[in-house]
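Asks: Got a structure for you, written out below as structure tokens; questions coming shortly.
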Amino acid sequence: GGASNVGCAILRQEGFSNEELAELSAEIDPASDSPLSYYPLMKKGERFPVADSDKEPVLTPKPDSRKEYLHGILQGIGDVERDGFRILGDLGASPDRPTVVLSCGGGSKNDVWISMRERRLKDICAEGREVQVKRAENTEASYGAALLAAASFEE
């Protein structure tokens, strides 16, 4: 999501149904790392956190276990999000690291995914600083874009 070409749409491309996502997510320990190192693009090309039109998706090796595959994909998406926030902070964003990240869209319904993202984001926070990933009050993905558009009309 966000400015990256990486996002949860890869889950549909890889054939995960809502039911399978819910079932397999419940079996994942969000406090453990996947041994897989994925960059789950749907197709070639990335915009952020690295601008590389030749960047290829990395979805191998593909384990026999769908649970392990899902764990690796979710971790890969979380790593891209973490790296994006790190780069924004390094470029001068204020605050330099997030303290609260509001989640919307389909992924906001997945508590394991929210916990995984929060843990990955804590990796870039200074000791003693906390970051929370929370479900947005309105979880429709278009809601944030609508708020930004509305804010542009305020004086």
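The values are calculated or read from the model by the stated rules, or taken from the named source; none is laboratory data. Please read these numbers as outputs of a predicted model, since none were measured by experiment. All Cβ positions, glycine included, derive from the backbone under ideal geometry; neighbour counts span all protein chains shown. The area values use the complete protein model at the heavy-atom level, side chains included, leaving out ligands, DNA and RNA. Shrake-Rupley method; radii C 1.70, N 1.55, O 1.52, S 1.80 Å.
Asks: Can you name the residue in region 106-149 that is at pLDDT 80 or above and farther than 23 Å from Leu88 by Cβ and, of all such residues, is surrounded by the most Cβ atoms within 10 Å (Cβ to Cβ)?
Replies: Asn110
Asks: If you don't mind, another one. Do the conditions hold for Asp29, that is, is it free of Cβ contacts under 8 Å to residues at least 40 places away in the same chain and either outside any loop (DSSP other than H, G, I, E, B) or closer than 21 Å to Pro61 by Cβ (or both)? Can you show your working first?
Replies: Numbers: free of Cβ contacts under 8 Å to residues at least 40 places away in the same chain: yes; either outside any loop (DSSP other than H, G, I, E, B) or closer than 21 Å to Pro61 by Cβ (or both): yes.
It is true that Asp29 is free of Cβ contacts under 8 Å to residues at least 40 places away in the same chain and either outside any loop (DSSP other than H, G, I, E, B) or closer than 21 Å to Pro61 by Cβ (or both).
Asks: Specify which of the listed residues (Ser17, Ser32, Ser37, Ser103) is modelled with pLDDT under 95 and of a type in the set (Ser, Thr, Tyr).
Replies: Only one candidate qualifies: Ser103.
Asks: Checking the structure you have, find out if any residue of region 88-96 is open to solvent by less than 50 Å² (accessible area, probe 1.4 Å) and either under 21 Å from Leu21 (Cβ atoms) or within 14 Å of the chain's Cα centre (by Cα) (or both).
Replies: No, the conditions are met nowhere in region 88-96.
Asks: Within region 1-27, restricting attention to residues that are within 16 Å of the chain's Cα centre (by Cα) and closer than 13 Å to Arg66 by Cβ, which residue is most open to solvent (accessible area, probe 1.4 Å)?
Replies: The extreme case among them is Leu21.
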